[in-house]
Amino acid sequence: MTTPSVLVCLAPGTEEMEAVTVIDVMVRAGFNVTTASAAPNGELELTCSRGVRLIADAPLVKVADDEYDCIVIPGGVEGATCLGESALIIEMLRQQQCDQKWVAAICAAPALVLEKNGLYPDAYKSCHPAFFEHIAEDKRNTKRVFTDRDHKLISSQGPGTALEFAVEIVYVLAGKEKAAEVVGPMVIIPNLHYEQKFA
């Protein structure tokens, strides 16, 4: 099996817990992880929603033509708004869907990136509870993390669900054994019951 590749898209105002948790868990899984800045000025150093500064690997335009097994869109209202207004991000997500590869969006991103741009109209999505109304009621899912396997879309609610979200990405890309290997040493939250899910 080839090593999965994951792109984490960053922008000014990205929610740092969501971004860093995903990056960390992907590294623990041994995946190839790229972080890309969608800042309009191409700046690599980004100030996140709570003031933490992150440095992206590359401007988005430099990695846009590369192929990824999963593209991750973190939330944070400002960050998700910036990503949702990026024509390049939207083009990449449409191509990802066309290629039947995974997209994972969390917090405000399902509403402000996917819904705003008419992406995945037939998929079921979760998001931050403050943005539930942005998703059509018949396509809304209120689980902490929801995976629509038919559309290869993972969505999740916010910073407090970021760890579950990240582990779900590992699970869909590399399977139960790899997910169990990753969560084992992490002293995972007991009520997530991963010892049963990945047994």
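The values are calculated or read from the model by the stated rules, or taken from the named source; none is laboratory data. Keep in mind that this is a model prediction, so the values were computed, not measured. In this analysis, Cβ positions are derived from the backbone assuming ideal geometry, glycine residues included, and neighbour counts consider all displayed protein chains. What goes into the accessible areas is simple: the full protein's heavy atoms, side chains included, and nothing from ligands, DNA or RNA. Shrake-Rupley method; radii C 1.70, N 1.55, O 1.52, S 1.80 Å.
Suppose we keep only residues that are hydrophobic (A, V, I, L, M, F, W, C) and closer than 14 Å to P74 by Cα within the stretch 40-61. Which one would you say is most open to solvent (accessible area, probe 1.4 Å)? Looking at the filtered set, the residue picked out is L54. Only one of the listed residues (T14, T21, T34) is crowded, with 23+ Cβ neighbours inside 10 Å, touching a residue at least 24 places away in the same chain (Cβ under 8 Å) and either touching a Leu at 6+ places or on another chain (Cβ under 7 Å) or closer than 30 Å to P129 by Cβ (or both). That residue is T14.
Apart from one condition, K178 fits all of (1) of a type in the set (K, R); (2) without any contact (Cβ under 8 Å) to a residue 60 or more places away in the chain; (3) in a helix (DSSP H, G or I); the exception is (2).
Of everything in the stretch 127-169 that is β-branched (V, I, T) and farther than 23 Å from Q100 by Cβ, the residue that is most open to solvent (accessible area, probe 1.4 Å) is T142. For the stretch 64-109, taking the residues that are farther than 24 Å from R144 by Cβ, touching a strand residue (DSSP E or B) at 6+ places or on another chain (Cβ under 8 Å) and not hydrophobic (A, V, I, L, M, F, W, C), the one that is surrounded by the fewest Cβ atoms within 10 Å (Cβ to Cβ) is identified as E67. For the stretch 150-167, a residue qualifies if it is without any contact (Cβ under 8 Å) to a residue 40 or more places away in the chain and closer than 22 Å to N32 by Cα, and exactly one does: E164. Looking only at the stretch 125-171, residues that are within 19 Å of S5 (Cα to Cα), in a helix (DSSP H, G or I) and over 13 Å from the mean Cα position of the chain (by Cα) come to 1 in all.
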